[in-house]
Amino acid sequence: MNTCADILIVIDLQNGVCYSGEHLFDLQNLLTKVNKRISSYRKSNKPILFVQHCDDDLVPEKELWAIHTDLDVQEQDFFVSKTHANSFYKTNLKEILDQLSVHRIEFCGAQTEYCMDATIKFAHGLRYENFMVQKTTSTLNNPFMSAKETIDFYENIWNHRFLKLIKDEL
């Protein structure tokens, strides 16, 4: 994707999510792709927002809560803490997007079937135009599908319904 949306939102790529017993599927490729998108946004002087989940295991300011160290996080970036899969629920995300006059959002992050799905669908309901580069989301294997099958399944549901899926360039 040579162009950028109005903002890049990176969801839950925290130590405790990336390494919760097992690693997220294809983690190194995911981090590489997300950093490539971050770089595109920085070159275009577009904002980047990191969402961090908080719960009993992901305690603010603790190691598991921290954003993965391989990601290019800078102090001018925006940060939202959440306690629900939907990044808009009881957070200031909508207010930040309004202040920045955002209409188009690019999403990436984890976990595909939880926080990514809830946030993408809610953003669509708020009438944002949403985008995602293929395979810039990840998850773990579950009792029903492998992580790869889950990612493919959700990308198929999202594409042309809740977002525009952009062909992977890597």
Leu100 paired with Asp152, simple spin-label distance in nm, labels 7 Å along Cα-to-beta-carbon
3.3
How much of the DSSP bridge set in the chain is antiparallel, in percent, rounded to the nearest 5?
10
Find me the longest stretch of the chain that has none of the exposed GluC sites (Glu not before Pro), where exposed means in a DSSP loop (not H, G, I, E or B) with at most 11 other Cβ atoms within 10 Å.
76-168
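Can you tell me what percent of all Cα-Cα pairs in region 72-170 are more than 22 Å apart? Intermediate values should be presented prior to the final figure.
Working: 1495 of 4851 pairs.
Of all Cα-Cα distances in region 72-170, 31 percent exceed 22 Å.
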Provide Rg and Dmax in Å for the chain, with only Cα atoms included in the calculation.
14.5, 42
From the phi angles alone, apply the Karplus equation (6.51, -1.76, 1.60; θ = phi - 60°) to region 52-58 and give each ³J(HN,Hα) in whole Hz, x where the residue is Gly or Pro.
10, 7, 10, 7, 4, 8, 9
Trypsin sites (Lys or Arg not before Pro) in region 91-170 lying in a DSSP loop, each with at most 13 other Cβ atoms within 10 Å of its Cβ, come to Arg127, Arg161, Lys167
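For region 137-170, run through the chymotrypsin sites (Phe, Trp or Tyr not before Pro) and keep only the ones in DSSP coil with at most 11 other Cβ atoms within 10 Å of their Cβ.
Passing both the DSSP loop test and the Cβ count: Phe144.
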Could you work out the local net charge near Ile67, counting Lys and Arg as +1, Asp and Glu as -1, over the other residues with Cβ closer than 15 Å to its Cβ?
-4
Dividing the convex hull volume of the alpha carbon atoms of region 67-110 by its residue count, what do you get in Å³ per residue?
104
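Values quoted throughout were computed directly from the atomic coordinates according to the rules given, and no laboratory measurement underlies them. Keep in mind it's a predicted model, so treat the numbers as computed, not measured. Please note: Cβ atoms are built from the backbone with ideal geometry, for glycine as well, and neighbour counts cover all protein chains shown.
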